[in-house]
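Novice: Below is the structure I would like to discuss, written out as structure tokens.
The values are calculated or read from the model by the stated rules, or taken from the named source; none is laboratory data. Since this is a predicted model, take the numbers as computed values, not measurements. Quick reminder, even Gly has a Cβ in these numbers, built from the backbone with ideal geometry, and neighbours come from all protein chains shown. SASA here: full protein model, heavy atoms, side chains in, ligands and nucleic acids out. Shrake-Rupley method; radii C 1.70, N 1.55, O 1.52, S 1.80 Å.
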Amino acid sequence: MELLGNHILSIDQFERPDIEKIFSTSDLLLPYAKRERITRVLKGAILSNMFFEPSTRTRISFGSAFNILGGEVRETTGIEATSLAKGESLYDTSRVLSGYSDIIVMRHHEAGSVNEFAEASRVPVINGGDGDNEHPSQALLDLYTIEKELKSKNKTIDGLRIALIGDLKNGRAVHSLCKVLCLFDNVTINLISPEKLGLPSSIKDSFDDSSVKFHETNDIKKGISDVDIIYMTRIQEERFSDKAESSKYKGLMSLNQDIYTKNCEPNTIIMHPLPRDSRPDANELDPDLNQNPNLAIYRQTDNGLLIRMALFALVLGIESKLEDSASDVIWYSNK
Ligand code: NCD
């Protein structure tokens, strides 16, 4: 798929060569992300970072990625701070904002909302998460992390064994990740969730035309015993109409060092799209895992910056011009 000038709405848009291109561009951007080099290649460009739903990582990393490339960022957080709260349509909001920006990142609580927004936009739109549907940039950064973590163990994504754990019904990060894994060979996915929070059949259907093999269980100890990667997720309480219902599932799937040591193969990698729910009734990934070198969650978030820089570089067509305006960093940096 041609990235230049295009929207990024679903992970379905990508084939393996596109992913390889995004990953090689991410590698190229490392000196800038690590603050060894500065580039001003997006000088004068404006990103509208429209987050109509809560976010920490996605919003700040998209904004920082744009800043690191030399561009300016305008942003909105929450519907109540915008005219959507006055009844303005996504169509009008998009038409207006696209007149002020060169590119837009948008997150919203309704599935399909970012597509609707993009149809009205005059500039490229990147999906920062639409309801329980998709989160394509998260899937790309997860896949990039998986590739890097496996490489250090002389393994590849072809042949990957991964356990996806938690709220597989509502988790958009998991939905996009499952779809992108279909592009690889001999992937085995253990789907571990409370029975009522299983992966939607629409996503399971995407396994049909792939070589993905999947197994479903609600027994976490069994499901994590034969995998390379554990991918833990949060109960998506904001997707439940009844809060009491969501709290029934909290704490059912949680991992700590003891469970890990007793059940996993040595050096099984632990990932999570974050935020991890660290409240005592949930405790998805216990803090006693923080010193475990196989906990890759912060390598994941660092990779998010690179992937988002790469997406901007490729959509705006500046990936070969990074060094034109580059110089060394002159401030203290220990990254
Ligand atoms: C995820 C999301 O928003 O879907 N967070 C993120 O972007 N890293 C996962 C979650 O909120 O549980």
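Table: residues versus (1) surrounded by fewer than 16 Cβ atoms within 10 Å (Cβ to Cβ); (2) of a type outside the set (Ser, Thr, Tyr).
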position	(1), (2)
Leu160	no, yes
Gly166	no, yes
Val187	no, yes
Ser193	no, no
Lys196	yes, yes
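Novice: Considering only residues of the range 43-58 that are surrounded by fewer than 21 Cβ atoms within 10 Å (Cβ to Cβ) and either among the small types (Gly, Ala, Ser) or over 25 Å from Glu238 (Cβ atoms) (or both), which is nearest to the ligand (Cβ to nearest atom)?
Specialist: Residue satisfying both the conditions and the ranking: Ser55.
Novice: Separate question: At least 3 residues that are away from the ligand (no atom under 16 Å from the Cβ) in each: list the strands (runs of 3 or more DSSP E) lying fully within the range 129-235 that qualify.
Specialist: Fully inside the range 129-235 and qualifying: 161-165, 188-192, 213-217.
Novice: Out of everything in the range 67-92 that is under 30 Å from Ser320 (Cα atoms) and among the acidic types (Asp, Glu), what residue ends up being nearest to the ligand (Cβ to nearest atom)?
Specialist: Glu75
Novice: Determine, yes or no, whether Leu3 is open to solvent by 40 Å² or more (accessible area, probe 1.4 Å), touching a Leu at 6+ places or on another chain (Cβ under 9 Å), over 30 Å from Phe240 (Cα atoms) and at pLDDT 95 or above.
Specialist: Judged against the criteria, Leu3 is not a match.
Novice: Out of the range 236-262, which residues are part of a loop (DSSP other than H, G, I, E, B) and more than 15 Å from the ligand (Cβ to nearest atom)?
Specialist: Ser241, Asp242, Lys248, Gly251, Leu252, Asn256
Residue-by-condition table, conditions (1) of a type in the set (Ser, Thr, Tyr); (2) farther than 28 Å from Arg16 by Cβ; (3) outside the structural domain of Lys321 (by TED's automatic domain parsing):
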position: Thr76; (1), (2), (3): yes, yes, no
position: Arg95; (1), (2), (3): no, yes, no
position: Glu110; (1), (2), (3): no, yes, no
position: Gly131; (1), (2), (3): no, no, no
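Novice: Quick test of your reading of the structure: Ser64 fulfils all but one of (1) farther than 18 Å from Leu322 by Cβ; (2) within 16 Å of the ligand (Cβ to nearest atom); (3) out of contact with any Phe, Trp or Tyr (no Cβ under 6 Å at 6 or more places or on another chain); (4) not acidic (Asp, Glu). Name the failing condition by number.
Specialist: The failed condition is (1).
Novice: Which of the residues belonging to the range 1-45 are part of a loop (DSSP other than H, G, I, E, B) and among the acidic types (Asp, Glu)?
Specialist: Matches in the range 1-45: Glu2, Glu15, Glu36.
Novice: Report, by residue number, each residue of the range 113-128 that is within 16 Å of the ligand (Cβ to nearest atom) and part of a helix (DSSP H, G or I).
Specialist: We begin by selecting, within the range 113-128, every residue within 16 Å of the ligand (Cβ to nearest atom); these are 113-114, 126-128.
Correct list: Ser113, Val114.
Novice: Then there is this: Condition first: β-branched (Val, Ile, Thr), more than 24 Å from Asn303 (Cβ to Cβ) and open to solvent by 20 Å² or more (accessible area, probe 1.4 Å). Now tell me which residues in the range 75-108 satisfy that.
Specialist: Thr76, Ile79, Thr82, Val96
Novice: Counting only residues that are part of a helix (DSSP H, G or I) and open to solvent by less than 10 Å² (accessible area, probe 1.4 Å), which one in the range 59-74 is nearest to Ala139 (Cα to Cα)?
Specialist: Phe62
Novice: Given the criteria more than 24 Å from Arg234 (Cβ to Cβ), modelled with pLDDT under 95 and either within 16 Å of the ligand (Cβ to nearest atom) or surrounded by 14 or more Cβ atoms within 10 Å (Cβ to Cβ) (or both), does Val329 qualify?
Specialist: Yes.
Novice: Which residue out of Thr233, Thr268 is open to solvent by less than 40 Å² (accessible area, probe 1.4 Å), of a type in the set (Val, Ile, Thr), modelled with pLDDT of 95 or more and under 24 Å from Arg59 (Cα atoms)?
Specialist: That would be Thr233, the only listed residue that is open to solvent by less than 40 Å² (accessible area, probe 1.4 Å), of a type in the set (Val, Ile, Thr), modelled with pLDDT of 95 or more and under 24 Å from Arg59 (Cα atoms).
Novice: Going by what's in this entry, would Asn334 be described as more than 23 Å from the chain's Cα centre (by Cα), open to solvent by 10 Å² or more (accessible area, probe 1.4 Å) and not assigned by TED's automatic domain parsing to the domain that holds Glu36?
Specialist: Working: more than 23 Å from the chain's Cα centre (by Cα): yes; open to solvent by 10 Å² or more (accessible area, probe 1.4 Å): yes; not assigned by TED's automatic domain parsing to the domain that holds Glu36: yes.
When the stated conditions are applied, Asn334 passes them.
Novice: Residues of the range 126-158 being closer than 24 Å to Leu3 by Cα, open to solvent by 10 Å² or more (accessible area, probe 1.4 Å) and of a type in the set (D, E, K, R), which ones?
Specialist: Of everything in the range 126-158, those that are closer than 24 Å to Leu3 by Cα, open to solvent by 10 Å² or more (accessible area, probe 1.4 Å) and of a type in the set (D, E, K, R) turn out to be Glu147, Lys148.
Novice: Kindly check whether there is at least one residue in the range 210-223 that is of a type in the set (A, V, I, L, M), touching a strand residue (DSSP E or B) at 6+ places or on another chain (Cβ under 7 Å) and farther than 19 Å from Ile11 by Cα. Full working, then the answer.
Specialist: Looking only at the range 210-223, we keep the residues that are of a type in the set (A, V, I, L, M), and these are 212, 220.
After this cut, where a residue has to be touching a strand residue (DSSP E or B) at 6+ places or on another chain (Cβ under 7 Å) as well, the list is 212, 220.
Now narrow it down to the ones that are farther than 19 Å from Ile11 by Cα: 220.
Among the residues of the range 210-223, at least one is of a type in the set (A, V, I, L, M), touching a strand residue (DSSP E or B) at 6+ places or on another chain (Cβ under 7 Å) and farther than 19 Å from Ile11 by Cα, which makes the answer yes.
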